[in-house]
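First the structure, in the form of structure tokens, and then the observations on it.
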Amino acid sequence: MSEFEQNDVNMFDLLICLTKAVDLISHELENHHQQVAYLALRIAEQLRLPVEQKKDLILAGLLHDVGTISLDERLELIENEPLTAQNHALRGAKLIEGFSPLHHAADIIRFHHVPWNYGEGNFFQGNRVSQLSHILHLADRVAVLTGSNQNILGKVKEIRKAILSQKGRNFQPELADAFLEISAQEYIWLDLVYSPLIYILPKAVTFDTLELSLDEVIGLTGIFSNIIDSRSPFTAYHSAGVASTAEKLAELAGFSEVECKMMLVAGNLHDLGKLAVRREVLEKQDRLNAEEFNEIRSHTFHTYRLLELIKGFETINQWASFHHEKLNGKGYPFHLKGANIPLGSRIMAVADIFTAISENRPYRQGMEQQEVVSVLQSMVGDGAICPKVVALLLSNYELIDETRKTAQQKARYSFTVSLTETRKKSAILQIEEDSSVNFLPEDEELKV
Ligand SMILES: [Fe+2]
Ligand SMILES: [Fe+2]
Ligand SMILES: [Fe+2]
């Protein structure tokens, strides 16, 4: 019996995993999402808000910056709040609003950079801004001032002064007062810097009502995959292509319906750890130097450690995280060999390579069938990938390629709509502009 038939997956686990993944984009921002969730919760407690609002604030805190797709943009937010901050707030809300358990969190995130401006912040571009968004805004600014400062108690006075000086202008006075009240307690600051907040947050409110069915897990991890792919036009829609290819291969290999859905989830998440890889490295067209390749080699390790946080994801984690292991033991990061690599992981490896070389990228067109076949066969010849899975793919080539293309077009559509709505120059536009760029030879190590 599969894990999914025994127990559902807790949404909180999944969100913690996502938030930790997004925080991997920069070491300087480590813990930022959790800190914001924690502070928002403490302010809400001080205001005696109802439990449902506290839950939504925690969820919003954990996800509030998912719309920041580049490191530059994230670092800029540490320093100050540029006017463009509204863009990532809108984009973040757009990314998650379609998933109904996160609908309220999306509403909070949408306006988390709107200044209070002596009451004008009750509205933004004609839309009502809820007090919860203002709480998130305040929590975000305090977390930015806190960082990972080991001497935090020595900084409290300065932080309180900074918030007080912005009372009314940037922060709603009632909220600033609530913060000034709670911030006299040392434990709050010590928690922010020293405590594993992922264990503290769910104790404050019960999240056991957030059990997700497998179909809901597919919906939520589809959002993960959009976030991973949207970091760079070079990887746009890659995860969607891998997920659908792997699901189809699993079906052809005789996996059960539940297992095929699990494969789709694993495909959505397989490159989650790529959030730790710098964008320049993801986008480099020349051969990677040793240091850059080290960065790439770490991505499946991160995927593995992140997915470990989710109870019930043991099999999915193996299928997702072993996609760069090779049958001959020359893969990474575990150097698994032969029979130690489960069939699901072998399928993922083939789906990943197939998608990477077939999909169009800004600097080159995808390979034609003949070329794809020869790449896969030579990798089989090297003892790298599974001959049976490759044979399955080659004998169903059109069907699988069609499945991949359709999934990628669908992802492209939803991504374009979301970005257009935020009126942001989008990655997809760049792809269209750059699509005439000539094909460059692949590196020895395929960038997949
Ligand atoms: Fe933000
Ligand atoms: Fe990968
Ligand atoms: Fe990949």
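The values are calculated or read from the model by the stated rules, or taken from the named source; none is laboratory data. In this text the structure is predicted, and so the values were computed from the model without any measurement. Glycine gets a Cβ as well: all are built from the backbone with ideal geometry, and neighbour counts include every protein chain shown.
Name, by its number, the condition in (1) surrounded by fewer than 16 Cβ atoms within 10 Å (Cβ to Cβ); (2) assigned to a loop (DSSP other than H, G, I, E, B) that does not hold for Gly119.
Only one criterion in (1) surrounded by fewer than 16 Cβ atoms within 10 Å (Cβ to Cβ); (2) assigned to a loop (DSSP other than H, G, I, E, B) is unmet by Gly119, namely (2).
Determine whether segment 224-239 contains at least one residue that is of a type in the set (Gly, Ala, Ser) and without any contact (Cβ under 8 Å) to a residue 12 or more places away in the chain.
Taking every residue of segment 224-239 in turn, none turns out to be of a type in the set (Gly, Ala, Ser) and without any contact (Cβ under 8 Å) to a residue 12 or more places away in the chain.
Based on this model, can you work out whether Thr422 counts as modelled with pLDDT under 95 and surrounded by 13 or more Cβ atoms within 10 Å (Cβ to Cβ)?
yes
Quick one: would you say Thr235 is at pLDDT below 95, more than 21 Å from Glu30 (Cβ to Cβ), assigned to a loop (DSSP other than H, G, I, E, B) and away from ligand 3 (no atom under 16 Å from the Cβ)?
For Thr235, the condition - at pLDDT below 95, more than 21 Å from Glu30 (Cβ to Cβ), assigned to a loop (DSSP other than H, G, I, E, B) and away from ligand 3 (no atom under 16 Å from the Cβ) - is not met.
Given the conditions (1) among the hydrophobic types (A, V, I, L, M, F, W, C); (2) within 27 Å of Ser395 (Cβ to Cβ); (3) surrounded by fewer than 17 Cβ atoms within 10 Å (Cβ to Cβ), report the number of the one that Ile200 does not fulfil.
So the condition that Ile200 fails would be (2).
Return yes or no: is Ile96 in a helix (DSSP H, G or I) and at pLDDT 95 or above?
no
Within segment 126-223, which helices (runs of 4 or more DSSP H) (wholly inside it) include 1 or more residues that are under 24 Å from Arg110 (Cα atoms) and touching a Gly at 6+ places or on another chain (Cβ under 9 Å)?
131-146, 173-182, 197-204
Within segment 58-83, which residues are within 11 Å of ligand 1 (Cβ to nearest atom) and at pLDDT below 90?
The answer is Asp65, Val66, Gly67, Thr68, Glu73, Arg74, Glu76, Leu77, Ile78, Glu81, Pro82.
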